[in-house]
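Heads up: the structure comes next, in structure tokens.
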Amino acid sequence: AALEEEACVLIRDLSREAQRLYGQGRYKEALRVVEEIYALDAARPENLLLLGSVHFELHNLSECVFFNQQCIRLEPAAAEAYNNLGIALKELGDTKGAMQFLHQAIKLKPRYADAYNNLATAHMARGEVEDAVETYRMCLVID
């Protein structure tokens with residue numbers, strides 16, 4: 001029991017460090033820390049979400065997709081993971097797939113301004129200007 005408690009404290013401290021590094025834009029350092037957490041416990045949705053975000057910032061889009069999918073498997077209501085998947089797929093050129101994930105993020109979290117903004121950007125990428133303008137308006141109303 002004491003060993004288990006020690007591991008929880010270690011993971012908590014590492015998570016704080018990873019968040020701090022990510023917030024400072026020190027993505028390669030953050031990656032080392034989130035990978036260490038992943039090695040200790042691969043089933044932590046918040047770490048999988050951060051792993052995906054770090055990989056996105058490092059332009060490792062397939063890894064970003066993988067870790068966000070893993071997060072959703074463990075936490076099907078993780079709107080942030082759907083949003084992140086949408087962003088990554090848009091960057092990979094799959095705007096249709098991106099829009100499906102962004103719509104799901106909004107369905108799960110109806111006042112999710114970032115997801116509306118990302119959806120509007122995807123509409124623009126598809127040349128759907130009117131839809132983009134309407135979606136940007138929604139983003140402004142809820143933000």
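The values are calculated or read from the model by the stated rules, or taken from the named source; none is laboratory data. Quick caveat: nothing in here was measured; it's all calculated off a predicted structure. Cβ atoms come from the backbone with ideal geometry, glycine included; neighbour counts cover every protein chain shown.
One line per residue, one yes/no per condition, for (1) closer than 19 Å to Glu46 by Cβ; (2) surrounded by fewer than 21 Cβ atoms within 10 Å (Cβ to Cβ); (3) at pLDDT below 95; (4) hydrophobic (A, V, I, L, M, F, W, C):
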position	(1), (2), (3), (4)
Ala78	yes, no, no, yes
Leu85	yes, no, no, yes
Ala105	yes, no, no, yes
Ala122	no, no, yes, yes
Glu134	no, yes, yes, no
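Filter the stretch 94-103 down to residues that are in a loop (DSSP other than H, G, I, E, B) and buried (at least 21 other Cβ atoms within 10 Å of the Cβ), then give me how many there are.
If we filter the stretch 94-103 for residues that are in a loop (DSSP other than H, G, I, E, B), which is where we start, we get 94.
When the remaining residues are screened for being buried (at least 21 other Cβ atoms within 10 Å of the Cβ), the result is none.
The total comes to 0.
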